[in-house]
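One structure is given here, and the rest of the page talks about it.
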Amino acid sequence: MKKSYTLLVFILFIGISICKAQDYQPGYVIMNDGTRVGGVIALNEAEPWYNQRYIRVKDSVAFAKDPNVKPKRIKADDMKFYVVGTRLFDKVHYVDLQNLQLKSMGTNDHMMERLAVGRITAHRFYEYPADVAVYVASEEEIERREKEKKDALIRGYFILAQKDNDKLRNAFDYDLQKYFEDTPEVLEKYKSGSYGNQPVKKGLAARMVAMAKKTAFKQEEADGIVAAFNDYNSKNATK
C-alpha cells in the first residue's frame, strides 16, 4: 500500500509541473483545412516533446473577454503549422526507428520547430519518454531518475535535416560536407569551423576530440550547423 501511495504522489507531482511549465504567448495555428486560428498559445518548455503532439490555444476573441478562459487543445493530426512568438513549427512525418513506442503505432506526424528552410530544411526533434516506467524505489529516487531521463531527452534533441527532398537525417550524426560540396565557399567555412561548429578534423584521435567537443558544446554546434544551412540556402535557390 505504501508503494502505491508513493507512486500516486509522484504522478500528481509530474502533472503539476507540466501545468506550471506552460506559458501563453501570441501566435496562430493553420489547421489542415487552411483555417487560421489566432490567439495565445502555450508551449511546454520543461517537456518540449509535448509541443510536438499538441498545443493549447486560447482564441483571441475569447481571451480578450476573459484571460482565464479555458484553452482548446489542438493535436498535431489536426494542424499543419503554428507560430508562437518568433518560433515556427511545421508538421513533419518522421518515424524514430530507434525509439518505437505504442504512440508510434498511431501517428508519426510531429510539430517540429523550424530551424532552416530552403534547399536544406532543418527542424528540431525531441524523442519521447518511455510509454511505461516501473519503479520499486522511494519517492525521492523516482523523482531523481525521472529528472535524469527528462534532462537527457532535452539534451539529446536531433536536428533533422533534409536536402532537396532526400531522406531526413540527424545533422549531428551525418557528414554534412556532402550537403555543401556543391557550394565550395560554404564547404570551406564549415570545414574550418567558421560558422561556430567544430572544425572538420582528419585522423582518428582528432576526430574523437572533435566529437567529444560537439557533445560538450552541443548548443554551439547546433547554432553553427544551422548558420551553415542558412548560408547555403541564401546562396542556392530552391529547386
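Need the full-extension length gain, D90 to K201, defined as separation in residues times 0.36 nm minus the C-alpha distance. One decimal, nm.
Stretched out fully, the D90 to K201 stretch lengthens by 36.6 nm.
Note down the nm distance, to one decimal, between modelled labels 7 Å out along Cα→Cβ at N99 and at K80.
It is 2.7 nm.
Sort 31-41, 186-196, 107-117 by packing, meaning the average of other beta carbons within 10 Å per residue, with the highest value first.
Order by mean packing, descending: 107-117, 186-196, 31-41.
Note the count of lysine pairs whose C-alpha atoms are less than 13 angstrom apart in region 28-101, limited to pairs 8 or more residues apart or on different chains.
Eligible lysine pairs with Cα atoms under 13 Å apart amount to 4.
Each reported figure results from applying straightforward, stated rules to the coordinates on display, with no laboratory input. Model, not experiment: these values are computed from the prediction. Cβ: placed from backbone, ideal geometry, glycine included. Neighbour counts: every protein chain shown.
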